[in-house]
Structure formats: C-alpha cells, structure tokens
1. What's the number of the only condition in (1) closer than 30 Å to Ser27 by Cα; (2) not in a loop (DSSP other than H, G, I, E, B) that Gly78 fails to meet?
2. Go through (1) of a type in the set (A, V, I, L, M); (2) touching a residue at least 40 places away in the same chain (Cβ under 8 Å); (3) surrounded by fewer than 18 Cβ atoms within 10 Å (Cβ to Cβ) and name the single condition Met1 misses.
3. For a quick check of your reading of the model, give me the residue pairs whose first member lies in the stretch 82-97 and is free of Cβ contacts under 8 Å to residues at least 12 places away in the same chain, whose second is among the aromatic types (Phe, Trp, Tyr), with beta-carbon atoms closer than 9 Å and at least 6 apart or on different chains.
4. Considering only residues that are in contact with a Gly (Cβ under 9 Å, 6 or more places away or on another chain) and part of a helix (DSSP H, G or I), look in the stretch 87-124 and name the one that is nearest to Phe153 (Cα to Cα).
5. When the stretch 61-73 is examined, which residues are found to be in a strand (DSSP E or B) and free of Cβ contacts under 8 Å to residues at least 40 places away in the same chain?
6. Quick one: which of Asn140, Asn84 is exposed (fewer than 12 other Cβ atoms within 10 Å of the Cβ), closer than 23 Å to Asn39 by Cβ and modelled with pLDDT of 90 or more?
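The values are calculated or read from the model by the stated rules, or taken from the named source; none is laboratory data. Owing to the predicted nature of the structure, the values given are computational and were not obtained by experimental measurement. Quick reminder, even Gly has a Cβ in these numbers, built from the backbone with ideal geometry, and neighbours come from all protein chains shown.
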Amino acid sequence: MIRNKVIGAFPGDVVLGEELGGQTGDSLWVVDPIDGTSNFVRGQSFWCVSISYLRGGKPVVGVIYAPATDELFYAQAGQGAFCNGAPMRVKKVNNESEAVLEMDWSPSESQEELLSMLAKFLKAGFEFHRSGSCALCLANVANGKMDAYWEVFVKPWDALAGYLLVKEAGGQTNDFESNLFENQGNLIIAASPELFGKIVKLF
C-alpha cells in the first residue's frame, strides 16, 4: 500500500523496501512497513512504520510512526527532528554507568563478535536493552528516551529514517551511509555526542 501511494504521488521516483525489494535511484524512497515484525506478530506494541527519502544518495526526510503510542517522529535534513510537533533532542548523558544502550543482532552475525561486544559494554558499565525494532529504538534515542543504539549490521530500510532523526536531534552517528546499498547494510552507532566517543573506543 505504501509503495503504491508513493509511486502514485511521485511517479518518477524509485521505491526500495524490505518485503518487495526494488532498486536504488537518485530520488529514492526506502520503506519498511513493519519494523519489529517479531513483536508485531506476538501482539506486542514495540513496532513501527519507517519511511525515508534520499536524494542523490543522501537522506533528506525520515518518518517513523508508532501506532501503539500514536507517535509520529519526523525529520528533514537541516530542519530538526520532531515528535507529534514537539522538537526532539538527544539526552545528555556523560557516564556509561548512567546510560541505557539499545542494541540488536541477527542470527547471521557472528556469536563470538556479539558476545565480545556485550562483554565490553558490560565492563564499561552500560545497561542494555533489546527491544526488537531498530527504527523505533533510534527514534527513542532522538527523543531522549534511550541514550544510544548499536547494531553490528543493519539493513537500509531498518535504520535510515531513525539515523536522520538522531542526527537532526543533536546526536552523533557513525557513517552509516558509506557504501550502504553496495553492502546491503552497515554497522550503526547512534548516541549523544558525550557517549558516542566512549562507545566507539570499545571497538
């Protein structure tokens, strides 16, 4: 439905999504109609719709809607990030022991690498959650409800909208865009500027 609406409104644009695939282009919409599928099929509330628009390979617009809480998160490059009309800012947290880190992983990732990173986070003092929706976790980092997000390898449709939200809310990220479509995904780290450097040092 989202794909058809986008193509109908912008017939010259290209749509790429998790369910139906697609191709890349200069004017590109990246869509995940249900991010947090495992939560959704079990009747849990932590899932969302994620849509991003890229022009010339750069994220320009990011929109995430969480139906369970009726929260609409959105950002435009250079224009800030908002939730239901209210400006969003990342939360300032200086110490790892005060921070809650959201994280996720997939069965395709190395268990050894995952366990190694978990051990480093725990030793540094982080508390961590796994909520099951990358996009909504990133929105919550942008909104100050969570302090950071990390995932070894995440697909474009899962993270692009939230990635822009965090940047526009004053957060810091790694270069998630670098060779993103060639790699079909990338590492993502998103946090307040105070925490970002401390997380990167653990790698």
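1. Only one criterion in (1) closer than 30 Å to Ser27 by Cα; (2) not in a loop (DSSP other than H, G, I, E, B) is unmet by Gly78, namely (2).
2. Every listed condition holds for Met1 apart from (2).
3. Phe82/Phe73; Phe82/Tyr74
4. In this case the residue turns out to be Glu96.
5. Selection gives Tyr65, Leu72.
6. On inspection, the qualifying residue turns out to be Asn84.
For (1) within 21 Å of Ala75 (Cβ to Cβ); (2) in contact with a helix residue (DSSP H, G or I) (Cβ under 6 Å, 6 or more places away or on another chain); (3) crowded, with 22+ Cβ neighbours inside 10 Å; (4) polar (S, T, N, Q), each residue gets a yes or a no:
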| position | (1), (2), (3), (4) |
| --- | --- |
| Ala124 | no, yes, no, no |
| Glu127 | no, no, no, no |
| Gly132 | no, yes, no, no |
| Lys145 | yes, no, no, no |
| Ala148 | yes, yes, yes, no |
| Tyr163 | yes, no, yes, no |
| Gly170 | yes, no, no, no |
| Glu177 | yes, no, no, no |
| Lys201 | no, no, no, no |
